[in-house]
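Here is the structure we will look at.
The values are calculated or read from the model by the stated rules, or taken from the named source; none is laboratory data. Just so we're clear, the structure is a prediction, and the values are computed from it rather than from any experiment. No Cβ is skipped: glycine too gets one built from the backbone with ideal geometry, and neighbour counts run over all protein chains shown.
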Amino acid sequence: MSAVTKIQLAGCASLLALSLSTTSCAVQTSAKRDDLHVMEVSVPQQKMALYRQGELVKTYPVSTSKFGLGSEAGSYRTPLGKMEVAEKIGAGKPAGAVFKSRKWTGEVIKPDAPGRDPIVSRILWLNGLEPKNKNTYSRCIYIHGTAAERDIGRPASYGCVRMKSRDVIDLYNKVGEGSKVFVLRKGLWRDVEKGLEMGEPIQALPVTEPLSPPLVFQPAEPTAAMPVWNQVGTFRTGVDVLGEEGYDVGYLTLPEPSELGLDG
């Protein structure tokens with residue numbers, strides 16, 4: 001075998017090894033997609049529930065858009081429906097790290113800094129999985145930390161799902177790319193306490209579902225008049241009452257002890 005042939009064979013082997021290595025990396029990347037976690041965002045309640053394999057892990061207060069719900073471009077509304085975490089940004093950055101165009105500016109600010117409302121701490125970039133929200137990624141809709149933590153718990157964002165820095169960092173550390181996100185017009189089906197006690201599958205119930213009216217207990221009406229001889233009085237007895245009504249009560253009157261020859 002000539003030297004040239006040996007070099008050609010070695011080159012082919014190297015290319016084959018590189019191809020297999022690349023394929024292996026692709027499989028590993030795909031395998032790392034998070035199929036265990038699901039996030040459920042209730043717009044009426046302004047809360048998020050995190051589930052792992054159907055079991056409730058934690059709930060967080062959030063803030064959705066102050067402009068309402070929708071997927072129209074330029075509407076600044078929060079999209080509804082099924083989405084997934086497409087990208088995670090901000091690993092290792094300090095709480096309060098300010099991001100602009102998904103890049104850390106190097107600035108770190110405290111919660112509720114006067115006059116400031118930037119994206120901070122962590123970003124989970126969402127991708128829509130339904131026709132109605134397919135432009136979610138191009139609209140740059142995120143789950144992210146906000147410096148305006150005072151507004152968490154009520155609609156105040158420009159389309160994204162906002163969280164407190166400590167909460168979005170906690171969520172970021174728990175979920176991976178590919179984890180599913182559902183934004184709903186309904187209330188969370190169970191809160192932390194119920195979730196620890198119940199094992200039903202993930203579901204959501206409307207918060208507007210009417211509650212059963214409270215029972216009002218009325219005193220029962222007497223079925224018959226109370227007999228007069230069951231009445232207790234200080235000065236009147238049943239015999240007195242019957243006598244006043246004109247009845248012969250002689251047979252009801254006991255003789256005095258002296259009339260029976262007994263000592264008093």
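Close contacts from the range 128-139, counting a first residue that is closer than 15 Å to VAL85 by Cβ and a second that is hydroxyl-bearing (Ser, Thr, Tyr) and crowded, with 20+ Cβ neighbours inside 10 Å, with Cβ to Cβ under 6 Å and a gap of 6+ residues or different chains, come to GLY128/THR136; ASN133/SER71.
Listed by first and then second residue, the pairs linking a residue in the range 93-120 that is surrounded by 14 or more Cβ atoms within 10 Å (Cβ to Cβ) to a residue that is of a type in the set (Phe, Trp, Tyr), with Cβ atoms under 8 Å apart and 6 or more places separating them unless they lie on different chains, are LYS93/TRP104; ALA97/TRP104; VAL98/TRP104; ARG102/TRP125; PRO118/PHE99; ILE119/PHE99; ILE119/TYR142; VAL120/PHE99.
If the condition is being in contact with an Asp or Glu (Cβ under 7 Å, 6 or more places away or on another chain) and not acidic (Asp, Glu), then the range 52-90 contributes THR59, TYR60, SER63, GLY81, LYS82, VAL85, ALA86, LYS88. Can you name the residue in the range 125-156 that is closer than 24 Å to GLY178 by Cβ and of a type in the set (Gly, Ala, Ser) and is also surrounded by the fewest Cβ atoms within 10 Å (Cβ to Cβ) among such residues? The qualifying residue surrounded by the fewest Cβ atoms within 10 Å (Cβ to Cβ) is SER138.
Considering the range 33-49, and only residues there that are of a type in the set (A, V, I, L, M) and buried (at least 19 other Cβ atoms within 10 Å of the Cβ), the residue that is farthest from the chain's Cα centre (by Cα) turns out to be VAL38. Looking across the range 157-181, the residues that are of a type in the set (Lys, Arg) and either in contact with a Phe, Trp or Tyr (Cβ under 7 Å, 6 or more places away or on another chain) or closer than 18 Å to PRO111 by Cα (or both) come down to ARG162, LYS164, ARG166. Residue check: is VAL98 of a type in the set (Val, Ile, Thr), under 18 Å from THR64 (Cα atoms) and in contact with a strand residue (DSSP E or B) (Cβ under 9 Å, 6 or more places away or on another chain)? Here the answer is no, as VAL98 does not meet what is asked.
Scanning the range 157-168 for residues that are crowded, with 19+ Cβ neighbours inside 10 Å and not in a loop (DSSP other than H, G, I, E, B) yields SER157, VAL161, ARG162, MET163, SER165, ASP167, VAL168. Contact annotation: residue pairs with Cβ atoms under 6 Å, 6 or more positions apart or on different chains, pairing a residue in the range 173-194 that is in a helix (DSSP H, G or I) with a partner that is at pLDDT 95 or above, are VAL192/THR59.
In the set (1) at positive phi; (2) surrounded by fewer than 19 Cβ atoms within 10 Å (Cβ to Cβ), ALA86 fails one condition alone, (1).
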